[in-house]
1. Within the stretch 73-99, which residues are over 20 Å from A163 (Cβ atoms) and exposed (fewer than 15 other Cβ atoms within 10 Å of the Cβ)?
2. So, L110, is that one open to solvent by less than 10 Å² (accessible area, probe 1.4 Å), more than 12 Å from the chain's Cα centre (by Cα) and of a type outside the set (S, T, Y) or not?
3. For the stretch 44-59, how many residues are modelled with pLDDT of 90 or more, open to solvent by less than 40 Å² (accessible area, probe 1.4 Å) and more than 21 Å from the chain's Cα centre (by Cα)?
4. Can you give me the number of residues within the stretch 145-155 that are in a loop (DSSP other than H, G, I, E, B) and either surrounded by 18 or more Cβ atoms within 10 Å (Cβ to Cβ) or among the charged types (D, E, K, R) (or both)?
5. In this structure, does A181 turn out to be in contact with a Lys or Arg (Cβ under 7 Å, 6 or more places away or on another chain) and part of a helix (DSSP H, G or I)?
6. With under 15 Å from the mean Cα position of the chain (by Cα) and open to solvent by less than 90 Å² (accessible area, probe 1.4 Å) as the only criterion, which of R41, R63 stands out?
7. Could we say that R200 is in a helix (DSSP H, G or I) and farther than 20 Å from W121 by Cβ here?
8. Across the stretch 118-153, what is the total count of residues that are of a type in the set (K, R) and closer than 14 Å to A186 by Cβ?
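The values are calculated or read from the model by the stated rules, or taken from the named source; none is laboratory data. Computed from a prediction, not measured in an experiment: that's the story for all the values here. Neighbour counts run over all protein chains shown; Cβ positions are idealised from the backbone, glycine included. When the accessible area is computed, the model is the full protein with side chains, heavy atoms only, and any ligands, DNA or RNA have been set aside. Shrake-Rupley method; radii C 1.70, N 1.55, O 1.52, S 1.80 Å.
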Amino acid sequence: MSALPSDADEGTGHESVAPAQVPEPTPVPTLNVANLLTLSRLVLVPLFIVALFTGDGVDTTWRGIATGLFAVASATDQLDGWVARKYGLITDFGKIADPIADKALTGAALVGLSILGMLGWWVTIVIAIREVGVTLLRFWVIRHGVIPASRGGKAKTLAQIAAITAYLLPLPAGADPVRWALMGLALVLTVVTGVDYLVRAVRLRAAGRRVTGS
């Protein structure tokens, strides 16, 4: 004896299936661990400046403290990106704030070293022009999209950190060739990646204007 068809089966011969509900992705909060690490880098900048200039920049102890603060602040640059990727905490705020925090830290170090006569002003000016230019490019295209830090940009940052650290450490004069080599590499990467960001910004703006028709 066959079972009687249910109301849902009558006239179709098939069971009705409710459409699957696709859950909406949970928005990532702006105030998260990754972004707090980025903000901590900004907080450390004035502390680093005070340590660098205490004792007119020649006191070995304070130079060591300044180097330590710079190293800790630089480490947050690697840590915040790792945390953001691993735990899905990537936000537009982080994409913008992270490079700005990098520029604030390296800029403060470069200007400080130049004021103390440890680094030529032309080096600081070349790097500053590139960093300010890239920041302005980001805001120029922000309504069309965000330009995240590229691998080349990260390599440039690491090269700058290594070179600045070499200048901050109270090393003997015999270490000058190493300092020059590291800063030379940082300068090359700074200029090359600056051109790359310019090209990417122009392309992003052009693509955005084609979509919006403006």
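1. Listed by number, the residues that qualify are W82, R85, K86, Y87, G88, D92.
2. Yes.
3. Matching residues across the stretch 44-59 total 2.
4. Looking only at that region, the number is 2.
5. So A181 does not fit the description; no.
6. R41
7. Considered against the rule, which asks whether it is in a helix (DSSP H, G or I) and farther than 20 Å from W121 by Cβ, R200 comes out as yes.
8. Going through the stretch 118-153 one residue at a time, the tally reaches 1.
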